[in-house]
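Working notes, structure below.
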Amino acid sequence: MRKAWLVIVVLAACGRGLEPEPICAPSLVGLCGTVHFSGTIPDSTDNVFVAAYVTFPQTCNDLIQNRRPVIPGSVPYTDSIAAYSVELTPGAYHWVLAVWKKTGNLTLTAADTALLRVAGYYRDPADSTQVGMVTVPNGAAAGDIDFRVNFDSLRPATDFVTCTAQ
Amino acid sequence: MHRAIATLLLVAAPLSAAAQGVLRGTVRSTQGDLLVGASIAIPGTTLSTRTDRQGMYRILLVPAGSVRVHAGAIGHAFVDTTVALTGGDSTTLDFTLRPEPLALPPVDVVSDRVPHFGERPATTVAQVSERDISRRAVTTVDEAIDHVAGVQFVNGQVNLRGSTGYVQGLNSRVLMTVDGVPMNQGDRGGINWDLLSVDDIESVEILKGAGSSLYGSAAFGGVVNVTTRDIPTGLHTRVRLTGGMYADPPHEIWKFRDTPGLLGSGDFAASYGTDTWGGRISAGDRHSDGYREQDQDDHLHFAGKARWQPSVNTRVDVSGAWAVDRYDVPLTWCSRGNCDDRGQVFQPFMIDTIDRGARTDSRKGYVAAQVRTTVSPQFAWSARASWLRTHFVDVRYPTSEFGVGDRFGAEGRIEAHPAPTRTVIVGVEATYSDVTSDIFGIHSQSEFAAYGQSEQQVSAVRVSGGARVDFLAVDGGSLTAVVSPRVAATLNGKGAGTWRASVGRGFRSPTMAERFVSTTALGFRVIPNPTLRPETGWSFEIGHTSAPIFRFMRLDAAVFWTEARDLIEPQLLRFPPDTTLPIDSVKIQLQNVVRARIAGIDASVIAAPIPDRLIATLGYTFLDTRRRLAGDTTEGPLAFRPRHLVTLGADYSIGAGSVGADFRYVSRPESVELEGFVDSRRVAVKVLDLRAEWRRGPVELRVLAANVLNYIYNLVPETLAPVRTITVTAVWSH
């Protein structure tokens, strides 16, 4: 029985239960916020990631080459809401969006647009019909950059940029 | 047939007074203390009683001649003796029982609906005594049984070996009875754990395993039987005062108020009794600020009980209770952006701003009457009638909901002992439930049942078999019949302990709430399903209770297995199903869609390494659950069923004082309902309680530090479980 009580000490010492989870880590330089998901997740889903552009891309080539970060991390998409953070260099970003990616390997060429869909983008808080601009301050993060992603209305890149034949 | 009728008439015939005597006496421990609540029985007959507050007992109608008498008490070794009784005479037989911390519970009334004295039940039964309840310094029944091995509460819903899972307020696969009277709500099938104060409770028995063959629907996963205090002779009063405080959140960023939350309660009970009648009333009031935002709770209750013995062989009991609650409803915790989240992904102590002002007004009460007549030592009959009423108003944004439910029950039962080694029980039961509600509609449900069971002792083996047939009708429609058979056996191996085995079929009829609910939950429409069928399952159990090991330890272990069909579980649906519609078209409906298996091991060890000083307990339950959707070959675990439950407890006594600790570990459930649509955060439960007690004369003082490590956890998504709570309780009883 003494061993049993030793087990108590071990179990009690391991893990501290629920802990605070800041959306934006204090050391982060970049963007952070939450993504609200709705709709039916397509079977071909590989992941969802957040990307930013210093200027609004004009072509498919811009879409791939000017993306920040170039190799994005994924956001958990199976829950109705997920927090995310993205490291970016300080400065203004004119398009910040959530991107859906279907299964398949990216090549970092314009051909990648066949695997990608615009799932949602940050909107101007004053006019939600317009794209919002985000400024990443020096040595800090821009918070509250939230998205709504509806898996039932994913949009192809050609809705936003002009793509020449690949 | 003629022989059976003749046998029945023979055992039912009352004996002449000249052939009967009265057995009376006292029961003491070897230290000379009078033992209250000790069981005295004439095995193989209908005759039994318990000692009163003076440690005295009296059994009438004892047949003259050489009579075997059994005496037992919690924490003491039982005594079997034989006494010669003269007809028409009164014989005194005093007992002295030796303290035995490893002693098994002296009586089991829940497993077969007739008392068994000094015998192990064929299905696992756990008992929580009055002493256990007082030592834990708890205030409600659910808190009293929360530490029993294999028992887990999930937001007020009880799980026995993973039976129920969690569906907020719509069902229970466990039946609660109070003194044998079913007390599950008529409309929702749930259990009102706060209807009775723990001051009114003498003991709680928990039958772990399907009990439908005797108890019918709702006993699919087991039975919790609450035995209320009997009314002793003389005048007795009891006052209990409790005050306490909730801990602040362990992290400053979670802090939501400037002053600590408080709680307090006061309870009063008084009783007066003579040999022929007695009455008891009790009342209590409780207030809690709650441990999180919008969590205030006010509770008021009254209870009463009366007994009357109009003749030497008949006893009438009438009891009732009424409780009024008004409690804030914290609903789910605040997720990012839905309150002042202070830059946090979630704020577990806060609620979404839209939920502010949500509260529930609840009123519930019951009245029950029972009569038992011991016609002869071989024959007794009993009957009962009961009425349980519940009324709730959920004040929510943007609309409120209400429901009024009734459950009327009646039962007649015959207990016969045609031979000293044989017991037969037969009964009929009728239940009528109705509901008037804006979310459940206006409906009624009728249930009629007949059951029978026979037990036979053959050498060291006790074999029992029986069945129950239930007929169900909703809104006066056609009847659905369900048959629930069960066979069981126990083998008393003397020095090798006791083996038990049982197999039985359980069932649960859908509650009216499950069939007809139409509301909104977690942002989804919940739609009715009037075509729900009863869920059924076969349960198997093999168990062993060891003899004392190394003189200071006893082991009880069981392997259990339930194969269930048509389990009623919430499902996410799209309407119509063959179209692709936006998320708004997704609805929740309760459906018979699951085949399920619940299997596992349930083991407990009690040890008394320092006799009279230290008692330690260890309980472990392993659960392996699977469910398979209709038309789908993939399997996954049942929602809200943890794989591992561990309970540890220890009590050390010194003179008038004692200290104790309880630790509870519950592994993180692998699955929850609506996974993907709710916050997936959930952690294992690791809760340590510390307590101390001091008794002198009529005064008891207790201190309880529940969740002393202030471990922050949740049992269901987005709902915070209680934080560290320190309470001080003072009891004066006379």
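Read-outs: derived from the displayed coordinates by stated rules, not from any lab. Fair warning: this is a prediction, and the values are worked out from it, not measured in the lab. A quick note on method: Cβ atoms are made from the backbone with ideal geometry, for glycine too, and the neighbour counts reach across all protein chains shown.
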By Cβ neighbour count within 10 Å, fewest first, B:T727, B:T26 rank B:T26, B:T727
Taking the alpha-carbon distance from B:K686 and a cut-off under 29 Å, which lysines remain once sequence neighbours fewer than 8 residues away in the same chain are dropped?
A:K3, B:K208, B:K255
Tell me what chain B gives for mean residue ellipticity at 222 nm when only DSSP H runs of n ≥ 4 count, each as -39,500 (n - 2.57), the sum divided by the residue total, rounded to 500 deg cm²/dmol.
-1000 deg cm²/dmol
3J(HN,Hα) from dihedral phi, the stretch B:35-40, Karplus parametrisation 6.51/-1.76/1.60, rounded to Hz, x for glycine, proline:
9, 8, x, 5, 9, 10
I'd like the orientation of helix B:2-12 relative to chain B: the angle between its Cα long axis and the longest Cα principal axis, in ° from 0 to 90, rounded to 10.
80 degrees
How many percent of Cα pairs in the stretch B:258-416 exceed 24 Å?
56 percent
Quick one: what do you get for the stretch B:189-294 if you divide its Cα Rg by 2.2 N^0.38 Å?
1.52
What relative contact order, as a whole-number percentage, does chain B give when Cα pairs under 8 Å and 6 or more residues apart are counted?
10 percent
Based on alpha-carbon atoms only, what is the radius of gyration of the stretch B:261-338 relative to the globular estimate 2.2 N^0.38 Å?
1.74
Taking r as the C-beta separation of A:S153 and B:F550 and R0 as 51 Å, the FRET efficiency to the nearest 0.05 is 0.15
If all Cα-Cα distances of the stretch B:349-433 are sorted into 10 Å bins from 0 onward, what percent lands in each bin, rounded to whole numbers?
14, 26, 20, 16, 12, 9, 3
Contour excess over end-to-end distance, with Cα ends at B:T81 and B:E675 and 0.36 nm allotted per residue:
207.8 nm
Mean per-residue count of partner chain Cβ within 10 Å for B:336-345 equals 5
Where the centre of each part is set by its Cα atoms, how far does the stretch B:649-683 sit from the stretch B:214-274, in angstrom?
19 Å
Fewest first, what order do B:S437, B:S90 take by the number of other Cβ atoms within 10 Å?
B:S90, B:S437
Under the classification rounded if a/c is under 1.5, otherwise prolate if a/b is larger than b/c and oblate if not, where does the stretch B:466-532 fall, given a ≥ b ≥ c as square roots of the Cα gyration tensor eigenvalues?
oblate
When all C-alpha to C-alpha distances in chain B are sorted into bins of 10 Å, what percent of pairs does each bin hold, rounded to whole numbers?
3, 14, 25, 28, 19, 9, 3, 1, 0
Which ordering of B:R641, B:R724, B:R389 is given by a fewest-first count of other beta-carbon atoms within 10 Å?
B:R389, B:R724, B:R641
Over the stretch B:141-209, one equal point on each Cα, no solvent: what is log10 I(q)/I(0) by the Debye formula at q = 0.19, 0.21, 0.25 Å⁻¹?
-0.74, -0.92, -1.33
Rounded D (µm²/s) - the protein assembly as shown, Kirkwood Rh over Cα pairs, Stokes-Einstein at 4 °C, 1.567 mPa s:
43 µm²/s
Taking Cα atoms only, helix A:2-13 is inclined relative to the longest principal axis of chain A by an angle, in degrees rounded to 10, of 30 degrees
Relative counts (whole %) of C-alpha pair distances in the stretch B:33-169, using bins that are 10 Å wide:
11, 33, 31, 16, 8, 2
How crowded by other chains is A:19-25, given as the mean number of beta carbons from other chains within 10 Å of each beta carbon?
6
Diffusion coefficient, µm² s⁻¹, Stokes-Einstein with Kirkwood Rh over alpha-carbon pairs of chain A at 37 °C and 0.692 mPa s:
188 µm²/s
